[in-house]
Amino acid sequence: MSWVTKTLTSSLGRKLIMAVTGLSLIAFLLVHCGINACIFLNDGGHTFNEAAEFMANNLFIRVSEVALMAGFIIHIVDGLMLWKSNNEKRPVKYAVVKGEANSTWYSRSMGLLGSLLLIFLVIHLRHFWVVSRFTDVITGGQKTLFQEMVEVFANPFPVALYVLGCLSLAYHLLHGFQSAFQTMGWNHPKYTPFVKGLGAGFSILIPLIFAAMPIAMHFGWIQ
């Protein structure tokens with residue numbers, strides 16, 4: 001076994017993989033949020049549809065999409081392996097657990113939050129990505145992606161589901177954002193407080209914008 005394989009299969013190596021894939025997904029969230037936020041222009045989805053069409057027909061974006069999906073899968077699998085490894089290291093549970101003494105509940109619940117996000121991701125992909133990539137509903141001109149959003153979010157159940165998914169995302173990011181920087185070794189007394197503040201702001205603002213979209217569309221605030 002080479003040193004590369006040993007490194008990547010070690011606990012530290014897996015955390016490094018989680019950090020790298022996590023940071024790439026954070027970058028994706030920023031871009032994805034920016035494009036989706038075009039619906040708030042309230043121009044009948046015109047700007048949003050143009051942006052979505054550009055993303056769908058851009059070769060670089062399509063190639064990046066494959067890499068992104070691979071990153072999602074690696075992040076999920078690696079997270080499950082870390083969770084399993086951590087549990088195996090402590091086969092006998094403590095009689096009294098006081099995790100709140102040195103960690104937050106969401107940092108101890110990354111497995112649960114990640115699982116909820118996985119369920120949400122599958123439903124989200126089914127609602128929009130599968131329809132726009134593997135059917136002719138959008139490409140055939142039967143409806144636009146904006147019209148698909150209006151149709152999906154007319155139902156209160158998906159709206160509630162998306163809001164819960166965004167809540168899970170917020171807590172997942174609150175721990176994951178700073179943890180990724182720490183794993184990469186990007187710690188410094190001068191910059192760490194800024195990273196923490198940036199991470200907290202990102203973890204609240206981005207999920208809040210995502211959650212506001214289905215709510216606004218359901219109540220007809222965006223048309």
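The values are calculated or read from the model by the stated rules, or taken from the named source; none is laboratory data. On a predicted model such as this, the values are computed, not experimentally measured, just so you know. Because the Cβ atoms are built from the backbone with ideal geometry, glycine has one as well, and the counts that use them run over all protein chains shown. The area values use the complete protein model at the heavy-atom level, side chains included, leaving out ligands, DNA and RNA. Shrake-Rupley method; radii C 1.70, N 1.55, O 1.52, S 1.80 Å.
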Task: In Å², nearest 10: area of E65 left accessible to a 1.4 Å probe - done: 40
- [ ] Calculate one ³J(HN,Hα) per residue across the range 198-203 by plugging θ = phi - 60° into the Karplus curve 6.51 cos²θ - 1.76 cosθ + 1.60, and present them in order as whole Hz with x for glycine and proline.
- [x] 4, x, 5, x, 4, 5
Open item on the list: Which order do the peptides 186-198, 67-79 come out in when sorted by mean C-beta neighbours inside 10 angstrom, highest first?
Closed with: 67-79, 186-198
